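Enquirer: To start, I am sharing the structure in question, which I have written as C-alpha cells.
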Amino acid sequence: MNERYDGLLMVLLGIVIVLLIGYRVNRWLMSPQPDLLPGIPINDRIPDHPAIGLLEQEGYEVVGGKVKVNLSFDAGHKPIRSRLFIDYVASGSNGELYMVKLARERMPVDWTGAGIRDRLMPYLLLYPECAGLLYVDMNEGEVHRLTMDWSDEEWNGNDEYNT
C-alpha cells in the first residue's frame, strides 16, 4: 500500500513542477521588452569617402554607412524634435564596433574635457555597447579614438563646487 502512495505522490509532484515551469515560461514570454535602444543600426549603403581609406590605414573596417537617429524631447508644452547623425560604423581588429564622426569645419571640436563632453558625449551615451567613437579629421589626417569611463575619483580642481 505504501508503494502506491509513493507513486501517486511522485506523479502529483511531477504535475506541480510541470505547471510551475509552464507558468514561468508563459510569464516570461508575455512580459514586455525593456525600453532599451536596439543595438547600433548598420546601414548597408556605404558612400565612398576619403575617410574610409584613412580608417583602413588605422586598422578599422567600415561596415556601415550614415545612420540618422531621430530624437524627440517633451518640453512640457510641445514636443521638440531633433536628430543625430553617425557618419559610419566601423569594426576594429577584435570585432568591436565603433561609431564614426567626420570632422566638420563649421563645427570644430574643442579638445578639452568640456568640449568633448558637449560635442561627442551624446554619441557615447547613445549606444553604450559600442567600443567607442572614432573622430576622423581629414585635414589633419588623424583618427581620434574616444572611449568614455565613469570616474568615482574626486575632482581636485579649483572650482566653486569643490572648496
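Enquirer: Looking at Lys101 and the list (1) at pLDDT 90 or above; (2) not assigned by the TED database to the domain that holds Gly64, which single condition is not satisfied?
Expert: Of (1) at pLDDT 90 or above; (2) not assigned by the TED database to the domain that holds Gly64, only one is false for Lys101: (2).
Enquirer: Is it true that Asp87 is over 13 Å from Cys130 (Cβ atoms) and open to solvent by 40 Å² or more (accessible area, probe 1.4 Å)? Break it down into steps so the answer makes sense when it comes.
Expert: Values: over 13 Å from Cys130 (Cβ atoms): yes; open to solvent by 40 Å² or more (accessible area, probe 1.4 Å): no.
Considered against the rule, which asks whether it is over 13 Å from Cys130 (Cβ atoms) and open to solvent by 40 Å² or more (accessible area, probe 1.4 Å), Asp87 comes out as no.
Enquirer: Among the numbered criteria (1) closer than 17 Å to Gly39 by Cα; (2) out of contact with any Gly (no Cβ under 9 Å at 6 or more places or on another chain), which single criterion is violated by Gly141?
Expert: (1)
Enquirer: Moving on. Do you know which residues across the range 111-151 are in contact (Cβ under 8 Å) with a residue 40 or more places away in the chain, among the aliphatic types (A, V, I, L, M) and buried (at least 17 other Cβ atoms within 10 Å of the Cβ)?
Expert: Hits for the range 111-151 are Leu134, Val136, Val143.
Enquirer: Continuing with this model, one more query. Just to be sure before I move on: is Lys68 farther than 18 Å from Asp149 by Cβ and under 19 Å from the mean Cα position of the chain (by Cα) in the structure I sent?
Expert: Values: farther than 18 Å from Asp149 by Cβ: yes; under 19 Å from the mean Cα position of the chain (by Cα): yes.
So Lys68 passes the test.
Enquirer: Further question: So in the range 45-84, with the set limited to residues that are outside any loop (DSSP other than H, G, I, E, B) and touching a residue at least 40 places away in the same chain (Cβ under 8 Å), which one is surrounded by the fewest Cβ atoms within 10 Å (Cβ to Cβ)? Write out each step before concluding.
Expert: Of the range 45-84, the ones outside any loop (DSSP other than H, G, I, E, B) are 50-57, 61-64, 67-74, 79-84.
Next, only the ones that are touching a residue at least 40 places away in the same chain (Cβ under 8 Å) stay: 50-51, 54-55, 69, 84.
Details: Pro50: 11, Ala51: 21, Leu54: 17, Leu55: 21, Val69: 16, Leu84: 14.
Only one residue fits best here, namely Pro50.
Enquirer: Take the conditions at pLDDT 90 or above and of a type outside the set (A, V, I, L, M) and apply them to Arg119. Does it pass?
Expert: Numbers: at pLDDT 90 or above: no; of a type outside the set (A, V, I, L, M): yes.
Against the criterion (at pLDDT 90 or above and of a type outside the set (A, V, I, L, M)), Arg119 does not qualify.
Enquirer: Does at least one position in the range 22-44 carry a residue that is closer than 30 Å to Glu140 by Cβ, assigned by the TED database to the domain that holds Met121, modelled with pLDDT under 90 and open to solvent by 50 Å² or more (accessible area, probe 1.4 Å)? Spell out how you get there, then give the answer.
Expert: Looking only at the range 22-44, we keep the residues that are closer than 30 Å to Glu140 by Cβ, and these are 40-44.
Pick out the ones that are also assigned by the TED database to the domain that holds Met121 and you get none.
There is no residue in the range 22-44 that is closer than 30 Å to Glu140 by Cβ, assigned by the TED database to the domain that holds Met121, modelled with pLDDT under 90 and open to solvent by 50 Å² or more (accessible area, probe 1.4 Å).
Enquirer: Separate question: Can you tell me which residues in the range 91-107 are loosely packed, with under 12 Cβ neighbours inside 10 Å and either in contact with a Gly (Cβ under 9 Å, 6 or more places away or on another chain) or touching a residue at least 40 places away in the same chain (Cβ under 8 Å) (or both)?
Expert: To start, the set of residues in the range 91-107 that are loosely packed, with under 12 Cβ neighbours inside 10 Å comprises 93-95, 104-107.
Scanning the range 91-107 gives a single hit, Ser93.
Enquirer: If I ask for residues that are among the charged types (D, E, K, R) and open to solvent by 100 Å² or more (accessible area, probe 1.4 Å), which ones from the range 1-21 would you list? Full working, then the answer.
Expert: So the first thing to find is which residues in the range 1-21 are among the charged types (D, E, K, R), and the list is 3-4, 6.
Across the range 1-21, the qualifying residues are Glu3, Arg4.
The values are calculated or read from the model by the stated rules, or taken from the named source; none is laboratory data. Keep in mind the model is a prediction, meaning the values are calculated, not measured. Using ideal geometry, Cβ is built from the backbone for each residue, glycine included, and neighbour counts are taken over all protein chains shown. Quick note on the areas: whole protein, heavy atoms, side chains included, nothing else; ligands and nucleic acids left out. Shrake-Rupley method; radii C 1.70, N 1.55, O 1.52, S 1.80 Å.
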